[in-house]
Amino acid sequence: MGNKQQSNGTRKENNAAKKKVNWSGSLILASLTGAFGSSFLYGYNLSVVNAPAGYIKKFYNETWERRYGSSVDEGMLTFLWSITVSVFAIGGLVGAIIVTPIVKFFGRKCTLVLNNVFAVAAALLMSLSLLAGSFEMLILGRVIMGVDAGISLSALPMYLSEISPKEIRGSLGQVTAIFICIGVFTGQVLGLPEIFGQESRWPFLFGAIIVPSLIQAVILPFLPESPQYLLLEKHNRNKAEKAFQRFLGKDDVSHEIEEVLEESRVQRNTKLVSIVQLLRTRAVRWQIVTVVVTMGCYQLCGLNAIWYYTNNIFSASGINRETIPYVTLSTGAVETLAAVFSGLVIERLGRRPLLIGGFGLMIVFFAVLTVSLTLQNTVHWLSYLSIFCILAIIASFCIGPGGIPFVLTGEFFQQSQRPAAFMIAGTVNWLSNFAVGLLFPFIQAGLQTYCFLVFAGICFAGATYLFFVLPETKNKTFHEISQAFAKRNKVTLETQEMNHYPGERKSSEEQESNFTSSVDNGETKKGIV
């Protein structure tokens, strides 16, 4: 009886030890530095074109008149402005497509560091466009900045998901969303008339992009690479152990090393998967569909339309033009606070309630916003209700849909599948982003105050799908998440483990022997398949 009590006590102590997670200095610094030079810049570039829009359009018109001897017509000016806004997403799509071979060859951390070359080049082009009298430089800079964002929005969540313990994987993953919101807010603050929101100063808004890029390029090289990348793709156990020790703040990382090795034994293959192979893998079919739905809804739910065209929406709400830049700050502040709140509660409430609840609240507030915008000309106080609805929509988005799709993409797929999965997610993300940026002005012109009902319908479709399909992934390993999807994918667990790569299997004993040998020797064996 005494031995049994002692055994139970030991088991409880072990469980408690597993649940206790140390936030080491290296883990915090890597996440903050990585996000500051990556997702922060994505958010910044979403909002930075908003405040100087009038000055940039004037610059376009003056340049056109100087070249062709006549003012640009209104239709062409609208087209040029829509291209300037939406071409950012074209660059993002290019970045999402090329990220897989880059993270494979250079690794997650080095990809983030090298990506700053795109950011610096884009900042120089955009900030010097007025001086050079070339609006093409501004548009090209937006494309290159999009490439930077496309790479970073895949490489950063990949890096964060692989350096964080599963107990805080969701919270650390929300750093991506938090810094997107901080970037949006910073763009709004710097766009105030007292800072850079003036006709002679708007190029500085784009030149400021260099600062986060240089900070990341200086600090990140001194932090470890992803230990999972080092162990499973580079087969360097010594460096992987050192990386785990720094990120976890402890000397004994044998448990973490064994967890990663166990993942490799389950997948029975360390070769990276192509997009075609991933799409043909039955065992992850519903995971792919879920990522496509969540990423599509992430962009198509209407938040980018609000970020891009906040000033126009507030003008339609009856707010004085001089007051708009200051009212716009409230949107950035609300989304930042909501994203921080989500990061604090995601490991308690889970991914599923925050995602579905966020979309549900957005449906309600989009409906109320439509009514208030339609009737505000007859009822004066409804303009204030419109502002409240916009803030409530932003908060609802940032609580769940704003960051969790990136977390899920890292959780659904094993090491060798993640680059291809993030390429699929990134492609859907940026195509949807481009569609919203390009089409929303025309949707708004055609549907007037009813345009937001389109986004409410998309939120409803997304929430319905997630309610029936998405399992909870909080504190679960890849193996446990795969089990949750196994029935829907119509595969047994054994089949799921054995058939990730049809036609490329060896006997499990031979693979495990080869893999273990290469890891222990710290060598890369190209022949392991």
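Descriptive notes on the structure:
- Scoring Ile98 on the criteria (1) open to solvent by 10 Å² or more (accessible area, probe 1.4 Å); (2) under 24 Å from Ser432 (Cα atoms); (3) at pLDDT below 90 leaves a single failure, condition (3).
- Qualifying residue in region 54-70 (condition: part of a helix (DSSP H, G or I) and small (Gly, Ala, Ser)): yes
- Subset of region 34-53 that is in a helix (DSSP H, G or I) and among the aliphatic types (A, V, I, L, M) - its residue that is nearest to Ser129 (Cα to Cα): Ala53
- Considering residues of region 462-478 that are open to solvent by less than 60 Å² (accessible area, probe 1.4 Å) and in a helix (DSSP H, G or I) only, the residue modelled with the lowest pLDDT: Phe478
- Per-region count, region 182-215, residues among the hydrophobic types (A, V, I, L, M, F, W, C) and touching a Gly at 6+ places or on another chain (Cβ under 6 Å): 2
- Neighbours by Cβ (under 8 Å, 6+ apart or cross-chain): first from region 373-399, without any contact (Cβ under 8 Å) to a residue 12 or more places away in the chain; second open to solvent by less than 10 Å² (accessible area, probe 1.4 Å): Leu382/Ser372
- Phe179 vs. criteria surrounded by 20 or more Cβ atoms within 10 Å (Cβ to Cβ), aromatic (Phe, Trp, Tyr) and not assigned by the TED database to the domain that holds Leu124: no
- The single residue among Ala121, Ala132 that is surrounded by fewer than 22 Cβ atoms within 10 Å (Cβ to Cβ) and free of Cβ contacts under 8 Å to residues at least 12 places away in the same chain turns out to be Ala132.
- Selection status of Glu199, assigned by the TED database to the domain that holds Val117, open to solvent by 10 Å² or more (accessible area, probe 1.4 Å), in a helix (DSSP H, G or I) and of a type in the set (D, E, K, R): no
- Extreme residue, farthest from Leu160 (Cα to Cα), among residues of region 60-82 that are among the aromatic types (Phe, Trp, Tyr) and open to solvent by 10 Å² or more (accessible area, probe 1.4 Å): Tyr68
- Taking the criterion of being touching a helix residue (DSSP H, G or I) at 6+ places or on another chain (Cβ under 8 Å) and under 17 Å from Ser164 (Cβ atoms), the residues of region 468-491 that qualify are Thr473, Lys474, Asn475, Lys476, Thr477, Phe478, Ile481.
- Hey, Ile363 surrounded by fewer than 24 Cβ atoms within 10 Å (Cβ to Cβ) and within 24 Å of the chain's Cα centre (by Cα) or not: yes
- Residue count for region 382-400, restricted to those that are open to solvent by less than 10 Å² (accessible area, probe 1.4 Å), modelled with pLDDT of 90 or more and touching a Phe, Trp or Tyr at 6+ places or on another chain (Cβ under 6 Å): 1.
- Answer from Ile346, Ile356, Ile363 - the residue that is at pLDDT 85 or above, touching a Cys at 6+ places or on another chain (Cβ under 6 Å) and among the aliphatic types (A, V, I, L, M): Ile363
Rundown of residues vs (1) under 12 Å from the mean Cα position of the chain (by Cα); (2) open to solvent by 20 Å² or more (accessible area, probe 1.4 Å), yes/no style:
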site: Ile151; (1), (2): yes, no
site: Met158; (1), (2): yes, no
site: Gly170; (1), (2): no, no
site: Phe204; (1), (2): no, yes
site: Ala208; (1), (2): no, yes
site: Pro212; (1), (2): no, no
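- Top-ranked residue in region 238-252 [being surrounded by fewer than 21 Cβ atoms within 10 Å (Cβ to Cβ) and in contact with a helix residue (DSSP H, G or I) (Cβ under 7 Å, 6 or more places away or on another chain); ranked as nearest to Ile168 (Cα to Cα)]: Arg246
- Residues (under 15 Å from Ala51 (Cα atoms), in a helix (DSSP H, G or I) and free of Cβ contacts under 8 Å to residues at least 60 places away in the same chain) located in region 316-365: Ile324
The values are calculated or read from the model by the stated rules, or taken from the named source; none is laboratory data. Because the structure is predicted, anything quoted here is derived from the model rather than measured. Neighbour counts run over all protein chains shown; Cβ positions are idealised from the backbone, glycine included. Please note that ligands, DNA and RNA were not included when accessible areas were found on the heavy atoms of the full protein model with its side chains. Shrake-Rupley method; radii C 1.70, N 1.55, O 1.52, S 1.80 Å.
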